[in-house]
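*Asks:* Sharing a structure here in structure tokens format.
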Amino acid sequence: YEACRLSYCNEIVAEQCYVEDAITGNVLRIEDQLIFVSAADVTGTNIGPKWQAVRDVRDVVSLLLEPSPSRHKGTHNAQPLLCRAGPGTGKTWMVKQALYTLAVRLSGGEGSTHGGGGGGLDGVRLVPVVVFVQRIVRLLREAGFQSAGEELELLTSRRLLLFYIESEFAGKKHEKMRQMLLQAYDIRALIVLVDGIDEAAGMRNEVEMFVHQELAPSNNRIIITSRPEGVNLPLYIERFVVMNLLELTDEQQRNVIKVQ
């Protein structure tokens, strides 16, 4: 498990270190394109001081990697996060940056944490995986789940994430990686990054069921991204920390232009 987990994280670091700017076409180092976030002022949410202090993706990653020193007693912190932003403001970039930063730290890079639930030498080591909502919808259609009844059965059986992993990592080439991810799910060691809840098209209700009836109760650590209008916020208030991606200030925009 550990050898495969480490190889998987190293592969992410190698493949995800650059990102292409959709406007200029420039290829940029993803760790330099820092995404800023802030706690959302939503009535009814209970955001602790650590989450209120979050300013950027690196802070989010640090909280996701906090150790669970009482795992052997059955206690594992798994605070889910909903991150909202308007169209074209960096939701997918945030997911990619979080994935890359997680992989760096979980492969023993800068900022590695120690203890059960982090990236250090002790305890259960975590592993990140990205779930693209558009691919979930496509996989369901390709697999022949055309009727609402069939989709509902797959969702309520709490196995859609496993179906996604088995589909995305299919074939002998990915067999060890697939088994590692499935094992990570079982031992509550996944960090699931769900990109684009608002992109579920006609399956919004089914995807939100997937989030609230499978992902959140699984006690794996999760980040959900969406446009504000793409989620039914009352469903998230009780359990999720809600944050917003911040638009760049004038100074930050000038810095970005200077870098490019």
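*Asks:* Residue check: is residue 231 among the β-branched types (Val, Ile, Thr) and under 19 Å from residue 163 (Cα atoms)?
*Replies:* no
*Asks:* Let me ask something additional. Scan (1) closer than 27 Å to residue 247 by Cβ; (2) open to solvent by less than 40 Å² (accessible area, probe 1.4 Å) for the single condition residue 68 breaks and write down its number.
*Replies:* (1)
Residues checked against (1) assigned to a loop (DSSP other than H, G, I, E, B); (2) modelled with pLDDT under 90:
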position	(1), (2)
217	no, no
224	no, no
229	no, no
236	no, no
243	no, no
248	yes, yes
251	no, yes
254	no, yes
257	no, yes
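*Asks:* Sticking with this one: Condition first: aliphatic (A, V, I, L, M), farther than 17 Å from residue 225 by Cα and part of a helix (DSSP H, G or I). Now tell me which residues in segment 29-59 satisfy that.
*Replies:* 30 - this is the single residue of segment 29-59 that is aliphatic (A, V, I, L, M), farther than 17 Å from residue 225 by Cα and part of a helix (DSSP H, G or I).
*Asks:* For segment 60-87, name all the residues that are more than 22 Å from residue 197 (Cβ to Cβ), free of Cβ contacts under 8 Å to residues at least 40 places away in the same chain and assigned to a helix (DSSP H, G or I).
*Replies:* Within segment 60-87, 73 is the sole residue that qualifies.
*Asks:* Return the total of residues in segment 108-129 being farther than 18 Å from residue 183 by Cβ and either modelled with pLDDT of 85 or more or charged (D, E, K, R) (or both).
*Replies:* The number of residues fulfilling the criteria is 2.
*Asks:* Hey, can you tell me all the residues within segment 174-205 that are surrounded by fewer than 21 Cβ atoms within 10 Å (Cβ to Cβ), within 23 Å of residue 79 (Cα to Cα) and either of a type in the set (D, E, K, R) or at pLDDT below 90 (or both)?
*Replies:* Once the filter is applied, which keeps residues that are surrounded by fewer than 21 Cβ atoms within 10 Å (Cβ to Cβ), within 23 Å of residue 79 (Cα to Cα) and either of a type in the set (D, E, K, R) or at pLDDT below 90 (or both), segment 174-205 yields 186, 188, 198, 204, 205.
*Asks:* Starting from segment 17-46, keep only residues that are touching a residue at least 24 places away in the same chain (Cβ under 8 Å), then list their pairs with residues that are surrounded by fewer than 17 Cβ atoms within 10 Å (Cβ to Cβ) and hydroxyl-bearing (Ser, Thr, Tyr) whose Cβ atoms are within a distance under 8 Å, requiring at least 6 positions of separation or different chains.
*Replies:* 28/18; 30/18
*Asks:* Does segment 93-105 contain at least one residue that is among the small types (Gly, Ala, Ser) and either at pLDDT below 85 or crowded, with 17+ Cβ neighbours inside 10 Å (or both)? Before you say what the answer is, go through the steps one by one.
*Replies:* First pass over segment 93-105, keeping only residues among the small types (Gly, Ala, Ser): 98, 103.
Restricting the remaining residues to those that are either at pLDDT below 85 or crowded, with 17+ Cβ neighbours inside 10 Å (or both) gives 98, 103.
For segment 93-105, residues among the small types (Gly, Ala, Ser) and either at pLDDT below 85 or crowded, with 17+ Cβ neighbours inside 10 Å (or both): present.
*Asks:* Within segment 1-36, how many residues are among the charged types (D, E, K, R), open to solvent by 80 Å² or more (accessible area, probe 1.4 Å) and out of contact with any Phe, Trp or Tyr (no Cβ under 7 Å at 6 or more places or on another chain)?
*Replies:* Total satisfying the criteria: 3.
*Asks:* Condition first: among the hydroxyl-bearing types (Ser, Thr, Tyr), surrounded by fewer than 18 Cβ atoms within 10 Å (Cβ to Cβ) and under 17 Å from residue 108 (Cβ atoms). Can you find one or more residues in segment 55-63 that meet it?
*Replies:* There is at least one residue in segment 55-63 that is among the hydroxyl-bearing types (Ser, Thr, Tyr), surrounded by fewer than 18 Cβ atoms within 10 Å (Cβ to Cβ) and under 17 Å from residue 108 (Cβ atoms).
*Asks:* If you check 247, 168, 229, which single one turns out to be open to solvent by 40 Å² or more (accessible area, probe 1.4 Å) and either in contact (Cβ under 8 Å) with a residue 40 or more places away in the chain or under 28 Å from residue 75 (Cα atoms) (or both)?
*Replies:* Selected residue: 247, the only one of 247, 168, 229 that is open to solvent by 40 Å² or more (accessible area, probe 1.4 Å) and either in contact (Cβ under 8 Å) with a residue 40 or more places away in the chain or under 28 Å from residue 75 (Cα atoms) (or both).
The values are calculated or read from the model by the stated rules, or taken from the named source; none is laboratory data. The structure displayed is predicted, hence computed values, not measured ones. Neighbour counts are summed over all protein chains in view; Cβ atoms, including those assigned to glycine, are modelled from backbone coordinates with ideal geometry. We work out accessible area using only protein heavy atoms, side chains counted, and drop any ligands, DNA or RNA first. Shrake-Rupley method; radii C 1.70, N 1.55, O 1.52, S 1.80 Å.
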